[in-house]
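The values are calculated or read from the model by the stated rules, or taken from the named source; none is laboratory data. Please read all numbers here as calculations on a predicted model, not as lab measurements. Positions of Cβ are generated from backbone atoms using ideal geometry, with glycine treated the same way; all protein chains shown enter the neighbour counts. To get the accessible areas, we keep the full protein, side chains included, count just its heavy atoms, and leave off ligands, DNA and RNA. Shrake-Rupley method; radii C 1.70, N 1.55, O 1.52, S 1.80 Å.
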Amino acid sequence: MNVKKSVLEKKSNRELEEYIQSESRFTPQAINYAFEILKSRGKEFSEEEIEIINSQINRTIECDTIVLHPNEIKSSNLILISAGLGFLYMFLSPKVFTSFSTILTGIITIVIIIAIGIGIRNGIQWIKYVMATLVVLGFSSFPIIVQIINSNLIAGIVNITQSVLQIIAVILLFISREEK
């Protein structure tokens, strides 16, 4: 969230002091602006107060930072690669994507996979269960994959590669949670 310094400059010293209190819930930028404004208005701070304010700014920044397990990053990368392969699959299988509805379904599926990859990269934990469910449901499409291989070997290999990448991604997600 972006804070306008001009809005804070209209506040009284007492209101600004609420921003720099040790358990302040304000953004680091707001705390920093309040500190600067109070200093410019002549308020003097001891070294101890300055240290406390700086630690408050740093602590708030650290709380806002998403810490990802390396396996979550790998999983996100694999899922995004899988989405890229989905586009490739659409171009390699023009016979499959002949109508507007099949093209739309393919695009929506790829967008969902991309959203899952981005969600994982942003630390949204429940997405791993969605991904695991989709992978399990994907096992029911094995006969379709066999038909694709029989009609277009390269498209079939791309499809199998997507499935393998997604399975590995789900395994990495569940391993990353157990290690934390």
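Candidates in segment 126-173 are the residues that are closer than 30 Å to HIS69 by Cα and of a type in the set (S, T, N, Q); of these, the one that is most open to solvent (accessible area, probe 1.4 Å) is THR133. Answer yes if at least one residue in segment 48-70 is surrounded by 14 or more Cβ atoms within 10 Å (Cβ to Cβ) and within 30 Å of THR161 (Cα to Cα), and no otherwise. There is at least one residue in segment 48-70 that is surrounded by 14 or more Cβ atoms within 10 Å (Cβ to Cβ) and within 30 Å of THR161 (Cα to Cα).
Taken together, the criteria place ILE112 among residues that are open to solvent by 70 Å² or more (accessible area, probe 1.4 Å), at pLDDT 90 or above and either among the β-branched types (Val, Ile, Thr) or assigned to a helix (DSSP H, G or I) (or both). When segment 34-53 is filtered for residues that are touching a Phe, Trp or Tyr at 6+ places or on another chain (Cβ under 6 Å) and at pLDDT 85 or above, only ALA34 remains.
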